[in-house]
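Worksheet: the structure to be examined is printed underneath.
Any read-out appearing in this document is the output of simple, stated calculations on the displayed coordinates, not a laboratory observation. Quick caveat: nothing in here was measured; it's all calculated off a predicted structure. So basically every Cβ, Gly included, is an ideal-geometry build from the backbone, and we count neighbours across all protein chains shown.
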Amino acid sequence: MFAGPNLYDYVICPNAGSHLVMLSNMPFHLPRCAKKFPSANLARCPYNSTHLYTIDDIFEHVIQCPSFISGSGSEEKKELKETVEDWDAEPPVPTYNPNIHCEANPIIRSLHGATRSARQAFRERERKRIMDLNNFP
């Protein structure tokens, strides 16, 4: 049996007090509602985009925001780990050249953008190359 949304899952929109929005839909509702009510002049919390407060209250909220992820509320610096990877060094294997691969295997190729005589000469070379690869007489 499906239990519908609970009354506690709804919150009041900060832009318009008459809007009752599900908490899960709040990130989608806020940008649309802000376009309809541009005079609200609300500031967005840097830690949670669904927290909107007046300019006077935003500074207090940022200090006490529950979405701020830190153990004691003080800013902790994360240590960067030193890596031994050198991205400027050449790779240990040669790069892939598709022309060399196609010439060594019986793959049918075509030539685009050339003159008619160049295409005919290319097709003749391709016939000879494939015959040699397949060891035909």
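Values as computed for the structure displayed
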| quantity | calculated |
| --- | --- |
| Relative packing of peptides 49-59, 108-118, 17-27 - highest average C-beta neighbours within 10 Å first | 49-59, 17-27, 108-118 |
| Spatially proximal aspartates and glutamates relative to Lys128 (Cα-Cα < 13 Å; intrachain offsets below 8 disregarded) | Glu103 |
| Using θ = phi - 60° and Karplus 6.51 cos²θ - 1.76 cosθ + 1.60, couplings along the stretch 86-103 (whole Hz; Gly, Pro as x) | 10, 7, 8, 6, 5, x, x, 10, x, 6, 7, 10, x, 5, 5, 5, 5, 6 |
